[in-house]
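The values are calculated or read from the model by the stated rules, or taken from the named source; none is laboratory data. In this text the structure is predicted, and so the values were computed from the model without any measurement. Every residue, glycine as well, gets a Cβ built from its backbone with ideal geometry; the counts of neighbours run over all protein chains shown.
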Amino acid sequence: MRSRHKAGSGTLRWMLLWVGACLLAACRGSGWNNPYPVSESLADTLYSSFSERPKHLDPVRSYSENEYAFIAQIYEPLLQYHFLKRPYELVPLAADRVPTAEYYDAQGNRLPVDVDSEQIAFSEYEIPIRPGMRYQPHPALAKDDTGAYLYHHLDPAFVDEINTLADFSETGTREVTADDFAYQIKRLAAPWLHSPIAGVMGEYILGFTDFGKQIAAQNQALQMEGDRVSYLDLRPFQIDGVEVIDRYRLRIRLHGKYPQFVYWLAMPFFSPMPWEADAFYSQPGLEKRNISLNWYPLGSGPFMLEENNPNLRMVLAANPNFHGEAYPHEGAAGDREAGLLEDAGKPLPFIRKAAYSLEKESIPYWNKFLQGYYDTSGISSDSFDQAIQISGQGELGLTDAMVEKGIQLQTAVNSSIFYMGFNMSDPVIGGDSDSARYLRQAVSIAMDFEEYISIFANGRGVAAQGPIPPGIFGSRSGPDGINTVVYDVQNGRPRRKDISVARELMRKAGYPSGRDQETGKPLILYYDTTASGPDDKARLNWMLKQFEKLGVQLVIRASDYNRFQDKMRNGTGQIFMWGWNADYPDPENFFFLLYGPNGKARFGGENASNYSNPEFDRLFERMKNMENGPDRQLIIDQMVEILRHDAPWAWGFFPKSFALYHAWYMNVKPNLMANNTLKYKRLDPVLRSRLRARWNPPVIWPLGVVGVILVISIVPAVLLYRRRERSAAR
Amino acid sequence: MTAYIIRRVLYSIPILLGVNILTFVLFFVVNSPDDMARMHLGMKRVTPQAVESWKQERGYDQPLLFNTSVPGFAKLTHTIFFQKSLKLFQFEFGSSDSGRDIGYDISQRMWPSLAIAVPVLLVGLLVNISFALLIAFFRATYIDFWSVVLCVVMMSISGLFYIIGGQYLVSKLLHLVPISGYDTGLNAAKFLVLPVIIGVIGGIGAGTRWYRTLFLEEINKDYVRTARAKGLSERVVLFRHVLKNALIPILTGVVVVLPLLFMGSLITESFFGIPGLGSYTIDAINSQDFAIVRAMVFLGSVLYILGLLLTDISYTMVDPRVRLS
Amino acid sequence: MPQFVVLWTDALILLLVVLALGFARYAAGRPHLRGPWRRVVRSRVGMGTLVVLGFYLVVGLLDSVHFYPPASDDDISGQSAPGEVMSLFDSLVPELRMRRETTYSAPLATHLYAKETIELGDGTATRGFARLKFGGAHLTDPAVEKTGDLIRLSLSGLLKGVAFSLVVGNLILMFLAVRAGNSFGTQAKHVLSGRTEVPWRVVLSTLGLMFVLIFWSAELASKYHLLGTDKVGEDVFYQSLKSIRTGLVIGTLTTLVMLPVAVLLGIMAGYFRGWVDDVIQYVYTTLNSIPGVLLIAAAILMLQIYMSNHENEFNSLVERADLRLLFLCIILGITSWTGLCRLLRGEALKLREMEYVQAATAFGVGHLRIIVRHILPNVLHIVLIAVVLDFSGLVLAEAVLSYVNIGVDPTMDSWGNMINSARLEMAREPVVWWSLAAAMLFMFTLVLCANLFSDVVRDAFDPRLRDSR
């Protein structure tokens, strides 16, 4: 009896301890369900996520949104987009000012700025570099007392011990110079780095392609020697069009006129890269240990990658060597009222750390956001009604539940388009024949994108009237901008034509009621898609419904992304949906998706529908090099009209992005061009901690109920047990 | 004994070779290296040259089986088959198609997998055996009948439901544990509680039923009847005799799955965002990273064969009557 | 006259039915096979579950007869595209199939579950819960009338169900009475007091319950969406019913397609021993040691590539989905036949030592003849148990595979696909629970019945376990 009592009190003490620990945790501002260590709850840390590990963090290779989320904070290109001003404005970042082009003819004579673009043989950009920028602490730059690099000649035995970059104990830094920018441009040209923009740059930068060939040959020779350890040092080789004038000045020469070039300078492709990085990372054995520029960046920006564990989390920490930058003083109209200028002039960055956890799926992310464990979130269509309500006047607003939590909303029409493309080289739906054109127009009318937006994007989109999203030069709003092939104008607003019009077009195309006039067979169209997930089924069913309206049978050819791209490349697809995200805010970046010589099947370009119209191509070439203005608008209008008539795309829609953020998250303004906005963000960790504790009270009583049920269910068992035991003993 | 083990190990070599050839055929017939390259280079602006050099970089540019462009023995070694498939025998998994060292990732990711799988196995074993013993004790009563029915009912519920329902209830409504995620060290505990509980509950139905059958089989043996006839209490009979003798099939059943614990659970891990080998495999399937899938197939086969080997050995150790043939 | 289409799985289901009937005839003439079945038939659980499984089977079979509906030239009412393959089941429940809303609606609801922009007459728009096009469309003021209407429909459904079950029950009783040579009253007394050899009381009550359920749901489903609608407004009840066929196909055909291989190899290995045994053991150990999911994933990818290279061979979605289903069965079979093969090998090893087999060998009877005459009949019960036992596991596996996107075609109705999309729905607020609940309910019922039934079958066939009860 005695001993039993003792044991009982032991468990009790344990339970008290456990409850005490939990209470303590709760008091310190973190619920039981806090996914982060309790010690971090008051830190100035931003919490976000990544769903897929970034493939390349090397700025010459990276070209996707999820990678830019990191490297745009780490690397500083020459220019950046102004955080607040609209329309988008380029401002200097690593450069001292935004460079302007000087034009020269073939003989090298300087030309006036307003000269006709056909006379221009070269344009030249002289770019001054901001002095005093220094790289983040990094072992590649570590030197010993004699000034020799510590880690540039690693012992293989030493390498075997290394697992992460943090295993190198010493770090170093140095100033960023014009050489580093030139070095990066050379890396852009290096064939073994597969820079996605090498092709485009090769067309413009003088000597870029030749340089690539030259170093490729050199590299080949180096490999042939069998000396696999050495790497090709790019410093002795020169690109004709890239010249380092002095420590802080760089000059780039381009073929012809290319006004869009400055936009490229705002992308991480044009950020500085010290040659030491290549020398360091190319040492044998490191690549195999995942220690490479793809995983451990070396930049001069406000943040540096402190932890890179793509299986769990990635952490950005403030770069102690950051040269400093001030929050902008001026913004667009309304920014001051919105409180966006309160931090004007304060030094950036505000937050000390940004932790990105691996989060594969949207559902847990959304739930954690609501619990306060992520600071900001998009809205999936499934959680839309929970977050957003639309007032009688059609205005979007947050639901009461969100307002109560202090959550705020930001909306913006993306500079991207989501379209349904027709393969113009397809014998049935493609080509320049009237029949095919009617068919395409009929499908364009039948595809009720307004409904699509409403069902699958909860109205977060604008049905497209042409290829250019609002906010980009050339897009027209109001009655002038309506696509009269698909829409009627009603009260100045577009109204999708009735399905009977589409059926009439089908008849004109030779397919009355969806049957081939001549053979009497039902018309079968093919839709190529990569869709196979759970949510896609609904989408596919919806597609079938749209084509059923015309009496057309749609066959869905679902395949993986590989196969889909194969089909696109070979031009064997028929109907497909695809999207395009603008590289820079210029209409050229959208029209070139339909430019004949960009045909995907024939030339491997980005024109996936293989559309080719000589008149359109001619206008495109003229429009491309023009400055924004009424003349350009005129040509754009003509181009759009041709496209609407030919209907190589059913225009689809421009997605709108909605972002939610918590009350403790400040300085939010959607900027579709800039990726490096992390440095402007400010947090209030105390408020966050308080709200988290309030939102996540652990509900314990069900545990008690379960326990009671268990106990109750044991009682009859015990009784029975006693009885059996007695009867067995007897 | 040693000779027996050696013989068994040698026997597993042709099996692994078979697995190897099979996976090679499956993976390189299904997707040509060109397809892989295009997928991994991303969607914007991919040139044929980039594809070529991507292949070259990863050694996919060689012929599949026979290389005529090099002299001598290298004709066989400079091939995808040799480089990509046979190298697995040395546990050289190479780097994934996205460029990471697979061996390192596996060594990192097997711990979270084990952190779930081992508790699920142990707790599950404990719970299932206790339940089964209880049921065996009450055999041929209404408790027995309804327990078996309950087991069948629990077996008939899809495991997905336990996961979806459990997460919804415990994490979302009750705020008791984080919804998903993982952390290192002791911090991992709060992430593991729910998956482990769900894993155990999901296995109760089938497990309890199976152990109950084992116990009943044992109970009906003559020696148990004798023991009972001697007047031993039911409890003593169950624990001393039945459990002890049933332990042999139970343990050998466990030994078979031991090595496979490393592989982790596909669904649980990806649902709870636990970076183990199960979610590693799922991600690889979804992103069609064939290098990883290949490595996992091989690893899985090795572990399976290891399990068989361990079972055989444990059999002979527990029960020397089993002939070593 | 509709033009019938025989899909691959249809053909195999037909084959399965023929085989089952053939086996039944065969078994009826052999006491050692008839005996266990008699035990199954006499078990209350066995008969009760058999009735439920029967209903599933009927739906599945009806859904396996496909045809092109007779095309009418000027019919483009937007309901059914010309040339779309339909099943007999589809044509029996046209209203379930056709009545599509725009998006989610709760079970028995009259309004949508998500807010929509509703255009008012004067050109302005408001956002609210729109009335459903079909669900409860006959009501003028749902708020007032709905409850009454539901009760009325339920009562009428229940009454019809009861009436129908009474008729069917009496017919069966009459039949039994005639067969047993009893008067109707005595027979009824026997049955109702549970004194018949075959538990007819259980059969009749289960039948009655099912009929009542069917009539009740039919009555409600005729005016409402009984289990709500999904994201694109398709009736969830209809999807659940359509999924039955998928579940049954996966559960049965998987074992069937690999059965010849498993039986042949298993018996050969056990019978011939020696190098044949070695080779066969090698083959199945190798296959067995590859993790099943990975093998399935690789195979499904291969199929997708085949399909995209041979697009022209698949004229309709149904055919594509069907081929993928068949392929899934085959590949699931490949990963699961090894267990059966091993069992058969063991059994054949035992059987070949039997005196009558030894005697036959001594008389110089050919191997093939011995296998067919002496060994095959004696391992059939193992095969049968394997088929029954695997069934529920396979139905559950389908759901898991769909989660990993290597299950059935996404356009195909299956419980796995429903559960899969339910993952997203569970995150909604307010939560959309009915897809998950419906799939779970239908799947659970099927799997539970199959599990209980397989227990009965195993107990009946496996004397060792039977005695231990």
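Computed values, structure above
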item: Index of the failed condition, C:R245 passing every other in (1) under 30 Å from B:L260 (Cβ atoms); (2) crowded, with 24+ Cβ neighbours inside 10 Å; result: (1)
item: Failed item, numbered, when B:I179 is tested on (1) surrounded by 21 or more Cβ atoms within 10 Å (Cβ to Cβ); (2) closer than 18 Å to B:L266 by Cβ; (3) not basic (K, R); result: (2)
item: Single condition A:G207 does not satisfy, out of (1) crowded, with 18+ Cβ neighbours inside 10 Å; (2) at positive phi; result: (1)
item: In region B:203-242, the residues that are of a type in the set (S, T, N, Q), more than 30 Å from B:S265 (Cβ to Cβ) and in a helix (DSSP H, G or I); result: B:T226
item: Leading residue by the ranking (modelled with the lowest pLDDT) among those in region A:289-319 that are touching a Pro at 6+ places or on another chain (Cβ under 7 Å) and part of a loop (DSSP other than H, G, I, E, B); result: A:N311
item: Any strands (runs of 3 or more DSSP E) falling wholly within region A:52-110 and containing at least 1 residues that are under 20 Å from the mean Cα position of the chain (by Cα) and in contact (Cβ under 8 Å) with a residue 12 or more places away in the chain; result: A:79-81, A:90-92
item: Residue that is surrounded by the fewest Cβ atoms within 10 Å (Cβ to Cβ), among those in region A:309-339 that are in contact with a helix residue (DSSP H, G or I) (Cβ under 9 Å, 6 or more places away or on another chain) and farther than 30 Å from A:N163 by Cα; result: A:E325
item: Index of the failed condition, B:S270 passing every other in (1) among the hydroxyl-bearing types (S, T, Y); (2) within 14 Å of chain C (Cβ to nearest Cβ); (3) touching a residue at least 40 places away in the same chain (Cβ under 8 Å); (4) over 22 Å from C:T286 (Cβ atoms); result: (3)
item: Candidates C:A460, C:A427, C:A360, C:A386 - the one that is within 14 Å of chain A (Cβ to nearest Cβ) and out of contact with any Cys (no Cβ under 6 Å at 6 or more places or on another chain); result: C:A427
item: Some residue of region A:460-469 being within 11 Å of chain C (Cβ to nearest Cβ), in contact (Cβ under 8 Å) with a residue 60 or more places away in the chain and either surrounded by 15 or more Cβ atoms within 10 Å (Cβ to Cβ) or basic (K, R) (or both); result: no
item: B:I129 vs. criteria aliphatic (A, V, I, L, M), in contact with an Asp or Glu (Cβ under 8 Å, 6 or more places away or on another chain) and either in a loop (DSSP other than H, G, I, E, B) or buried (at least 19 other Cβ atoms within 10 Å of the Cβ) (or both); result: no
item: Any hit, region B:164-182, residues being within 26 Å of C:L396 (Cβ to Cβ), among the aliphatic types (A, V, I, L, M), assigned to a helix (DSSP H, G or I) and touching an Asp or Glu at 6+ places or on another chain (Cβ under 9 Å); result: no
item: Spans of helices (runs of 4 or more DSSP H) in region C:230-321 with at least 2 residues under 30 Å from C:P107 (Cα atoms), modelled with pLDDT of 85 or more and in the same structural domain as C:V432 (by TED's automatic domain parsing); result: C:236-272
item: Qualifying residue in region A:712-724 (condition: surrounded by 15 or more Cβ atoms within 10 Å (Cβ to Cβ) and either basic (K, R) or in contact with a Phe, Trp or Tyr (Cβ under 6 Å, 6 or more places away or on another chain) (or both)); result: yes
item: From C:S435, C:S454, residue being in contact (Cβ under 8 Å) with a residue 24 or more places away in the chain and farther than 22 Å from C:L50 by Cα; result: C:S435
item: Condition met for A:L396 (more than 23 Å from A:A72 (Cβ to Cβ), within 11 Å of another protein chain (Cβ to nearest Cβ) and over 24 Å from the mean Cα position of the chain (by Cα)); result: yes
item: Identity of the residue in region A:573-595, touching an Asp or Glu at 6+ places or on another chain (Cβ under 8 Å) and in a loop (DSSP other than H, G, I, E, B), that ends up nearest to A:Q633 (Cα to Cα); result: A:Y595
item: Test set (1) closer than 24 Å to B:W54 by Cα; (2) within 32 Å of the chain's Cα centre (by Cα) - A:Q220 fails condition number; result: (2)
item: Test: residue in region A:522-535 that is farther than 30 Å from C:S402 by Cβ, buried (at least 21 other Cβ atoms within 10 Å of the Cβ) and at pLDDT below 90; result: yes
item: Unmet requirement for A:L544, which otherwise passes all of (1) part of a loop (DSSP other than H, G, I, E, B); (2) within 33 Å of the chain's Cα centre (by Cα); result: (1)
item: Residue in region A:645-658 that is touching a helix residue (DSSP H, G or I) at 6+ places or on another chain (Cβ under 9 Å) and assigned to a helix (DSSP H, G or I) present; result: yes
item: Exclusive hit being touching a residue at least 40 places away in the same chain (Cβ under 8 Å), more than 27 Å from the chain's Cα centre (by Cα) and more than 11 Å from every other protein chain (Cβ to nearest Cβ), set A:K405, A:K346, A:K353; result: A:K405
item: Subset of region C:378-413 (residues that are crowded, with 20+ Cβ neighbours inside 10 Å and among the polar types (S, T, N, Q)); result: C:S392, C:S402, C:T411
item: Residue check, B:R139 more than 8 Å from every other protein chain (Cβ to nearest Cβ) and not in a loop (DSSP other than H, G, I, E, B); result: no
item: Residue identified as under 24 Å from the mean Cα position of the chain (by Cα), within 30 Å of A:E52 (Cα to Cα) and in contact (Cβ under 8 Å) with a residue 12 or more places away in the chain among B:G205, B:G181; result: B:G181
item: Exclusive hit being within 14 Å of chain A (Cβ to nearest Cβ) and not basic (K, R), set B:G181, B:G207, B:G203; result: B:G181
item: Options B:E234, B:E218; residue that is facing chain A (nearest Cβ under 10 Å), in contact (Cβ under 8 Å) with a residue 12 or more places away in the chain and more than 30 Å from C:E429 (Cα to Cα); result: B:E234
item: Of the criteria (1) in a loop (DSSP other than H, G, I, E, B); (2) crowded, with 21+ Cβ neighbours inside 10 Å, which one A:I185 fails; result: (1)
